[in-house]
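Structure first, commentary second.
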Amino acid sequence: MTKKSSDQNMSYREELLNSIEPNFIFSKKPLNRFKIQETRKINNNLDKIAEIEEIKKLINSIQNCNLKNNSQNLILGDGNINSQIMIIGEAPGIEEEKISKTFQGESGALLEKMLKAINLSKEDVYSSYAINFRPPEDRKPTTQEIKRYSIFLKEHISIIDPKIIILFGSTAMESLTSSNERISSARGKWKEIILKNKTYPIMITFSPSYLIRFPENKKFSWEDLKKIRQKILDLKIKF
């Protein structure tokens, strides 16, 4: 009796659905949820890639920019576009400009060691810069230049949508916080920025290139790295 009632209910539901949408097709095959999730992930990746390419086009369309006019390559970002950790440096140098990749040469090697110290690798994170062109003679970008490129950086962050942002150096700090505070004072404290109504935790610390010049400050960077590692654990971020 129960079986018959159940069959009648199922038949009624099918008739109701068919009356609303005549193209419904019922199947007894189980849903492949892994395939659905994988499809969503692929589509999400394609969306991110397309949006990143659009940012590149916008940056390349900038007019009357001394940085752009005196640089060979645009370096936007690289790494894992789905990473929950985004690291932002100050600006590319000569090694990065040669191959259009972030954090190369001696500073890149030091960055790898820093990440390894908290059980990460460069492949685990997404890397970018506050300024996307190498400044002439590797000079510090002006406040006007930082403001100009911060528009693209903020959009870039919204696309990657990380859970943690690490800012290496004063240019990266100024780009997102508009602060001219000394790195030695600003570093080591969790701060927040809001982009498109979403809050992102940020950690400001010394850049690898700065630590190469002033290795005595590595002890402070190590303290910052430990706080980053703890935040990764607190947010249950996995790689």
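Could you order the peptides 86-97, 109-120 from most to least packed, using the average number of other C-beta atoms within 10 Å per residue? Mind dumping the intermediate values first?
Numbers: 86-97: 22.7, 109-120: 16.3.
Going from most to least packed, we get 86-97, 109-120.
Once fully extended, how much extra length lies between ASN45 and ASN119, figured as 0.36 nm per residue of separation less the alpha-carbon to alpha-carbon distance? Walk me through the numbers before you get to the answer.
On the way: separation 74, 0.36 × 74 = 26.64 nm, distance 2.50 nm.
Taking ASN45 through ASN119 to full extension adds about 24.1 nm, to one decimal.
What per residue convex hull volume, in Å³, do the alpha-carbon atoms of the range 110-156 yield?
Enclosed volume per residue, from the Cα hull, is 105 Å³.
What is the magnitude of the charge dipole of the range 38-234 about its Cα centre, with +1 placed on the Cβ of each Lys and Arg, -1 on the Cβ of each Asp and Glu, and no other charges, expressed in debye to the nearest 20? Could the numbers behind the result be given before it?
On the way: 31 positive and 26 negative charges, 93 e Å.
My answer is approximately 440 debye.
For the range 38-234, what D do you get in µm² per second when you plug the Kirkwood radius from alpha-carbon pairs into Stokes-Einstein at 37 °C and 0.692 mPa s? Provide the component values of the computation, followed by the final result.
Numbers: Rh = 16.9 Å.
Stokes-Einstein gives a translational diffusion coefficient of 194 µm²/s.
Any read-out appearing in this document is the output of simple, stated calculations on the displayed coordinates, not a laboratory observation. Not measured: the values here are computed from a predicted model. With ideal geometry, Cβ positions are generated from the backbone for all residues, glycine too; neighbour counts draw on all protein chains shown.
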